[in-house]
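*Asks:* One structure follows; several queries about it will come next.
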Amino acid sequence: MPEKETPSPVILVTGAGKGIGRAVAEALAARARGRAASGTGPAAPGVKLLLAARTQSDLAALQAELQGDGVDCAIAAGDLAERPLQPVEACLERFGRIDALIHCAGVGRFKDFLEQTPEDLEFTVRTNITATFLLLQRAYAAMKAQTPGEGGMRGQIQVVTSIAADQPFPQSSTYCMSKYAQRGLLDVMKLYGRQDGIRILEVRPGATYTPMWGEMPPDQVVRMMTAEDIAQPMVDALWLSPRAALEHITLRPLHGDL
Ligand SMILES: NC(=O)c1ccc[n+]([C@@H]2O[C@H](COP(=O)([O-])OP(=O)(O)OC[C@H]3O[C@@H](n4cnc5c(N)ncnc54)[C@H](OP(=O)(O)O)[C@@H]3O)[C@@H](O)[C@H]2O)c1
């Protein structure tokens, strides 16, 4: 999306019901309402949002809030592990194009290596690896078929991996495995994206206090980042110069990992 003109981009956010994805949706809606969330980027009146997650009630509440503020916003509830292409299909059906995919949906089951069951492995792989691959492949194909905009850019894909995509953590064997796999996929996609004018950004957050963590002691919470801390640079990155590709961001708590 160019800096000077902002022609109603269509943006699909997965995992939009909670946590980082929800914060991304809120930050995008702020731009759609004409306010740059961080003050560093342009407002983008007219931006259209397709919000996806599993829980219908989360999405319906967010949609009501954003539509009440005049944001053009549709929702698609479903399990990516069952129907990985559904969010992209819903976006194309509703808006006819997809300018950016911000893939925040992800899962983790945190327990010792020897405690991880085949079901834990399957659960993690189906969402974080298989569904991610198929979702990104579908979005990329749709973007590649679009007429390029300024700078030859056809679309943008951002994926929230984790610092666990290049660093081991205890109790995280299935999670780390899946996040390393996401990083591998994105590194290959960058090779294609450079040819096709599709910007690929991998976002690696450290500890961020979201529903994924459940209840945490207050002395730990104060050391963690917020979902908004992650969402802000992601949204800002959408409006970088179309001549440049930011390919990787790592965000850590100021005082280091938990
Ligand atoms: N929080 C952290 O400290 C942290 C750090 C590094 C990386 N990350 C990564 O950041 C991403 C977002 O994490 P978060 O902390 O925001 O998690 P979260 O608070 O648990 O939110 C996850 C969102 O993704 C959706 N989702 C999960 N699995 C899905 C599936 N199979 N199909 C459709 N939607 C699905 C959830 O929908 P429902 O709630 O409806 O199931 C929810 O809206 C994940 O990939 C996570 O690994 C998080």
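The values are calculated or read from the model by the stated rules, or taken from the named source; none is laboratory data. On a predicted model such as this, the values are computed, not experimentally measured, just so you know. Virtual Cβ from ideal backbone geometry, glycine too; neighbours counted across all protein chains shown. Side chains included, ligands, DNA and RNA excluded: accessible areas come from the protein's heavy atoms. Shrake-Rupley method; radii C 1.70, N 1.55, O 1.52, S 1.80 Å.
*Asks:* Taking the options LEU51, LEU59, LEU92, name whichever one is out of contact with any Cys (no Cβ under 7 Å at 6 or more places or on another chain), within 12 Å of the ligand (Cβ to nearest atom) and in contact (Cβ under 8 Å) with a residue 24 or more places away in the chain. Give the derivation first.
*Replies:* Numbers: LEU51 fails: out of contact with any Cys (no Cβ under 7 Å at 6 or more places or on another chain); LEU92 fails: within 12 Å of the ligand (Cβ to nearest atom).
Matching residue, one of LEU51, LEU59, LEU92: LEU59.
*Asks:* All but one of (1) out of contact with any Ser or Thr (no Cβ under 8 Å at 6 or more places or on another chain); (2) away from the ligand (no atom under 14 Å from the Cβ) hold for GLY151, so report the exception by its number.
*Replies:* Of everything listed in (1) out of contact with any Ser or Thr (no Cβ under 8 Å at 6 or more places or on another chain); (2) away from the ligand (no atom under 14 Å from the Cβ), GLY151 misses just condition (1).
*Asks:* Would you tally the residues in segment 101-148 being open to solvent by less than 10 Å² (accessible area, probe 1.4 Å), more than 11 Å from the ligand (Cβ to nearest atom) and more than 17 Å from MET189 (Cα to Cα)?
*Replies:* 1
*Asks:* With ALA245, ALA237, ALA227 as the choices, which residue is of a type outside the set (S, T, N, Q), without any contact (Cβ under 8 Å) to a residue 60 or more places away in the chain and surrounded by 12 or more Cβ atoms within 10 Å (Cβ to Cβ)? Outline the logic, then answer.
*Replies:* On the way: ALA237 fails: without any contact (Cβ under 8 Å) to a residue 60 or more places away in the chain; ALA227 fails: without any contact (Cβ under 8 Å) to a residue 60 or more places away in the chain.
Every option except ALA245 fails the conditions.
*Asks:* Tell me, which residue of segment 176-209 that is buried (at least 19 other Cβ atoms within 10 Å of the Cβ) and β-branched (Val, Ile, Thr) is farthest from the ligand (Cβ to nearest atom)?
*Replies:* Top of the filtered list is ILE198.
*Asks:* Looking only at residues in segment 129-163 that are touching a Pro at 6+ places or on another chain (Cβ under 6 Å) and modelled with pLDDT of 95 or more, which one is farthest from ARG97 (Cα to Cα)? Steps first, answer last, please.
*Replies:* Taking segment 129-163 first, the residues touching a Pro at 6+ places or on another chain (Cβ under 6 Å) are 131, 134-135, 150-151, 153-154.
Those still in the list that are modelled with pLDDT of 95 or more too: 131, 134-135, 153-154.
On the way: ALA131: 21, LEU134: 18, LEU135: 15, MET153: 14, ARG154: 11 Å.
Checked segment 129-163; the qualifying residue farthest from ARG97 (Cα to Cα) is ALA131.
*Asks:* Return the only residue of ARG33, ARG54 being under 20 Å from ASN128 (Cβ atoms) and not acidic (Asp, Glu).
*Replies:* Of ARG33, ARG54, the one residue that is under 20 Å from ASN128 (Cβ atoms) and not acidic (Asp, Glu) is ARG54.
*Asks:* I've got another one for you. For ARG126, indicate whether it is at pLDDT 95 or above and closer than 15 Å to PRO84 by Cα. Talk me through it step by step, then tell me what you get.
*Replies:* Working: at pLDDT 95 or above: yes; closer than 15 Å to PRO84 by Cα: yes.
The answer is yes for ARG126.
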